[in-house]
Amino acid sequence: MKAAEKYRRVFGSMNHLKDQLSWTTGLSNMVEFLAWEPQRILGITKKQYVRQIIEWAAHPELKDKNIEEIEQSVIKKLNTKINETEQLETYSTQTMGICNAREAVRRVTFFSEDYLNKEFDIFLSLCSDVYLNLFYQQFISFEPSGPWSTHGNSGMFENSTELKAMYMDNLAYNHQANVLIANELKLAGRKNPDPILKYCLMYEHLLEKGFIEKGAKFLLLFIGGDALKQNKQTLVNRELALCHKRPRKYQHLLRPELLKIVDHLEVASISWAAFIEFNNHYLAENSVCQVEQKLLRGFHQSLESKSFMHLAV
């Protein structure tokens, strides 16, 4: 049985992006993220961690020691390493090395882009349709109608769509308005070298598999430390130039069919500061229930605590 079949057998699947998933799915996605990337908890990769333990246990000084003595020696060395890497300043740039639970939480909470993606998954799944209509109408035109469904990068998405190695951040889809939004999040760094073409590849796949409807409007929205300074064509030209330099690796991104989707795609961006400003206007100008007020303000607090908001100052 293939891995995707095992996943669907245990967790189920979705058949279309219009399928509504519970916001609690975002919590299981958070667990999935940590399970697949144990270095976020250990401080180093699992392979490095195991190798370090073996090296300590195999040291010549422990040659004639019993299991209990070896264990005590390894634990002592492990604790020493942990004490060396622990940081007592919130925004200390030391984020590598074996660590304890408190240090692991500091690193993911304030420095991890992947962790931010999971927070955003939960945030977006709880936002009202009114909010999502107003937010996305800043960047793409559509008639607001029907509910939005949102999907994070997860086993549910990958194993349902059978789209491999597409590390998208978050999708928002309105079936009735026939609009697909790909939210590409960054803490403060630059965009990856080829996301536009890869997202177009994803759009093509979702269309072929029946997860979106033909003719769906498509927006790639970058949300990061700063808004993009280049227009869509400049960005696309750079990506195409990269692909042409390594045609064997990127030939799947140079197909004429994919370039038609590139023409169809719209690209926009917004900074996190402008994102917070929009939310504040939304709260001031709309009759918002207490739950959504808490949702927006709580997400603001998390964003404002991120390292890039402080280290860039």
*asked:* Name the residue from Ser73, Ile54, Tyr91 whose Cα lies farthest towards the positive end of the charge dipole of the stretch 32-111, charges +1 on Cβ of Lys and Arg and -1 on Cβ of Asp and Glu.
replied: Tyr91
*Mind giving me the nanometre distance, one decimal, between the label points for Asn286 and Asn83, set 7 Å out from Cα along Cα→Cβ?*
5.3 nm
*Stretched out fully, how many nm does the piece from Ile75 to Thr90 gain, at 0.36 nm a residue minus the Cα gap?*
2.7 nm
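List the chymotrypsin sites (Phe, Trp or Tyr not before Pro) within the stretch 157-239 that fall in a DSSP loop (any state other than H, G, I, E or B) and whose Cβ has at most 13 other Cβ atoms within 10 Å.
Tyr167
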_Using the basic label-point model (7 angstrom from Cα toward the beta carbon), what is the Ser28 to Glu208 distance in nanometres?_
2.8 nm
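Subtracting the Cα-Cα distance from 0.36 nm times the residue separation, let me have the gained length for Arg102 to Leu134 in nm, one decimal.
Between Arg102 and Leu134, full extension yields 7.7 nm more.
Report, please, the projected area of the chain averaged over directions, based on the convex hull of its C-alpha atoms, in nm². Provide the component values of the computation, followed by the final result.
Details: hull surface 83.4 nm².
Here the figure is 20.8 nm², rounded to one decimal.
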_Between Arg238 and Ala4, how high is the FRET efficiency from 1/(1 + (r/R0)^6) when r is the Cβ-Cβ distance and R₀ = 30 Å? Nearest 0.05._
0.35
*Cα axis of helix 46-57 to longest principal axis of the chain: angle in degrees, 0 to 90, nearest 10?*
0 degrees
*For the stretch 77-136 and the stretch 1-38, what is the separation of their C-alpha centers, rounded to whole Å?*
21 Å
*Translational diffusion coefficient, Stokes-Einstein: compute it for the stretch 171-283 using the Kirkwood radius over C-alpha pairs as Rh, at 37 °C and 0.692 mPa s, and state it as an integer in µm² s⁻¹.*
217 µm²/s
_GNM result for the chain, Cα springs below 10 Å: residue of Lys232, Lys209, Lys294 fluctuating most strongly_ = Lys294
*Quick one: which of 138-151, 52-65, 98-111 comes out on top by average Cβ neighbours within 10 Å, and what's the full order, highest first?*
98-111, 138-151, 52-65
*For the chain, with all protein chains present and a 1.4 Å probe, just round the carbon and sulfur fraction of the accessible area to a whole percent.*
53 percent
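The values are calculated or read from the model by the stated rules, or taken from the named source; none is laboratory data. These figures come from a predicted structure and were not determined experimentally. Here Cβ is always computed from backbone atoms with ideal geometry, including for glycine, and neighbour counts include all displayed protein chains. Side chains are part of the model used for accessible areas, which takes the heavy atoms of the whole protein and leaves out ligands, DNA and RNA. Shrake-Rupley method; radii C 1.70, N 1.55, O 1.52, S 1.80 Å.
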